[in-house]
Amino acid sequence: HPSHAHRKNLDQIAQIKPKEVDIYYSEILETLSISSLNKEFYKEIFALFAHFVENLTLPNTSDEQTKRDFVLRLLCRILFCKFLEKKSIINPNIWDSALSENYYHEVLEPLFFTTLNTPNESRNYDFLPEQITSLLSAIPYLNGGLFSPQDNDFFDTQNSNAHLHDLHIPNQSFSNLFALLDRYNFTLDEQSPSEQEVALDPELLGTVFESLLSQLFTDNKVEKLDKNTLRKATGSYYTPREIVRYMVRSAILAHLQTKLKGKVDSQFLENLVFESSPSLAKEPLPKSLGYGEGLIFDSPLLARGD
């Protein structure tokens, strides 16, 4: 049962013209790479971004930058929720624009603000149909800020229907977006440069945010984007995974060296954190160190630097 992305890869391979074996092989690898998949996804998400902005109506404003800012947050929140779906936190049935004639107000606003941003005991679903309430009530409170309503989200926490008639997003826009997302496979694994799955991983969130943020200051014409200038203007830099990996491992090493100073050899800890399969790290930590009897040094989480 190949996914849309896999079928697209195979179709592209079939179009490669016969040539030297090593060139042919390198082009197959490029076609199958996660970077090719991401480029295709960005291209399609750019088009939908422009479609949302064009068809969005906000209360008391037609300011283009406000609309783009609104759509940027909307898309990033939905993408984050798609990863929550992979963890079985969100029921996939919620991505059905036919659930309501006003999908944004009756499904997404309650999902973002009344559910993910609100503790269970403080939620109020009285205004929602039972089929929507049943999908939302089992979702835990996440907090974290991503789902906190901003001023230009136009959401009144005291009156969720305050902008029912003057904030409008066509259901068809969401149908188009969900159809796009359904064509891609999402994975929860933070993929390393040497181990990559043909799927969209959590790093996608940062990269999409950086790329779409540049659209806040352009006329939506992708060919006119000067990303270097826009990054300087907005301060929007997404740190490459290799640098993040090194920074995280260095922080873990510094923490362990401080906590276990004089109890564990420093070289041992460095091997533990920076080696993919540390040869020295095969023994459990002594109970006297306070870390528990069952913690093994060759934990794959520590070995990957997570």
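Quick look at the values:
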read-out: 3J(HN,Hα) from dihedral phi, the stretch 87-98, Karplus parametrisation 6.51/-1.76/1.60, rounded to Hz, x for glycine, proline; value: 8, 6, 8, 10, 6, x, 5, 6, 8, 9, 5, 7
read-out: Using a Förster distance of 41 Å, the FRET efficiency for T66-F274 (Cβ separation, nearest 0.05); value: 0.35
read-out: Burial ranking of peptide ranges 143-155, 64-76 (average Cβ count within 10 Å, highest at the top); value: 64-76, 143-155
read-out: For the stretch 175-180, 3J(HN,Hα) per residue [Karplus equation, 6.51 cos²θ - 1.76 cosθ + 1.60, θ = phi - 60°, Hz, x = Gly/Pro]; value: 4, 5, 5, 5, 5, 5
read-out: Full-stretch length increase - A14, Y125 - with 0.36 nm per residue and alpha-carbon distance subtracted; value: 34.8 nm
read-out: For the stretch 103-108, 3J(HN,Hα) per residue [Karplus equation, 6.51 cos²θ - 1.76 cosθ + 1.60, θ = phi - 60°, Hz, x = Gly/Pro]; value: 4, 4, 6, 9, 10, 6
read-out: Label-point separation in nm, S134 to H1, each point 7 Å along Cα→Cβ; value: 2.3
read-out: Nitroxide proxy distance, nm - points 7 Å out along Cα→Cβ at N185 and H165; value: 4.9
read-out: Residue-span extension gain [A47 to T258] - 0.36 nm each, minus C-alpha spacing; value: 71.0 nm
read-out: Ordering of 121-134, 78-91 by burial proxy (mean other Cβ atoms within 10 Å per residue, highest first); value: 78-91, 121-134
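Laboratory data are not the source of any read-out in this text; all were calculated from the coordinates shown. Treat the numbers as computed from the prediction; the structure is a model and nothing was measured. Glycine also receives a Cβ, built like all others from the backbone with ideal geometry; neighbour counts cover every protein chain displayed.
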